[in-house]
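Just so it is clear, none of the values below were taken in a lab; they were calculated from the coordinates. Computed from a prediction, not measured in an experiment: that's the story for all the values here. Cβ placement follows ideal geometry from the backbone for every residue including glycine, while neighbour counts extend to all protein chains displayed.
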Amino acid sequence: GPLRRSGAKPGDRIVVTGSFGGSILGRHFDFEPRVSEALLLNERYQLHAGIDASDGLSLDLAHVAEESGCGALVRIDQVPIAEDARRLAAQLADGSTALDHAMGDGEDFELILAVPREEAERMLAEQPLEVPLTGIGEFIAEPGVWQAGADGLRLPLVPRGWQHEFD
């Protein structure tokens, strides 16, 4: 059936396709939505929820967590950062980092998936796509979006990205 934003459960792993950030350097003009990848993953694995990261990794992840009635914990040292995000951070004099761009830039069009732990381990070991799959955290019972580094210290993560304005 359809993969919705509202099915993530505490304990599910957060699995993403590809890498994030810096699409404004031109990648946003030449992309292919991960439709066939989503269909293949949905056919082979149990997926609880999913979304494409068109508004920014942290903001779209927040949408899944909120609509699922849970929270999300991102292991920031595991976020796959696009080379364009690194180049953009180096070009701008605004103090932004490549991780800032990976978490908040839009138009990456990668998948963010909520996958039961055992399925995620199998999926990550098998790597069934031409694009890499990466586990970047887990959904948790506590509401909100959180970040933790290698030291394990948990801090709030303010979702950033493209905010749609509706009248």
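Distances longer than 22 Å among the Cα atoms of the chain: what percent of all pairs is that?
The proportion of pairs with Cα distances above 22 Å equals 38 percent.
Just flag the chymotrypsin sites (Phe, Trp or Tyr not before Pro) in the range 101-167 sitting in loop per DSSP whose Cβ has no more than 15 other Cβ atoms within 10 Å.
TRP162, PHE166
Which of ALA53, ALA38, ALA141 moves most in a GNM of the chain, Cα contacts under 10 Å?
Comparing ALA53, ALA38, ALA141 in a Gaussian network model of the chain, the most mobile one is ALA141.
Subtracting the Cα-Cα distance from 0.36 nm times the residue separation, let me have the gained length for GLU126 to VAL35 in nm, one decimal.
Full extension of this stretch gives 30.8 nm more.
Set the Förster distance to 22 Å, then compute FRET efficiency between GLU142 and ARG75 from the Cβ-Cβ distance, nearest 0.05.
0.90
Taking loop as defined by DSSP and a crowding limit of 14 other beta carbons within 10 Å, which GluC sites (Glu not before Pro) in the range 65-140 fit?
Filter output for the range 65-140: GLU130.
Going through the range 1-63, which chymotrypsin sites (Phe, Trp or Tyr not before Pro) have at most 15 other Cβ atoms within 10 Å and a DSSP loop state?
Taking the range 1-63 and a limit of 15 other Cβ atoms within 10 Å, the loop chymotrypsin sites (Phe, Trp or Tyr not before Pro) found are PHE31.
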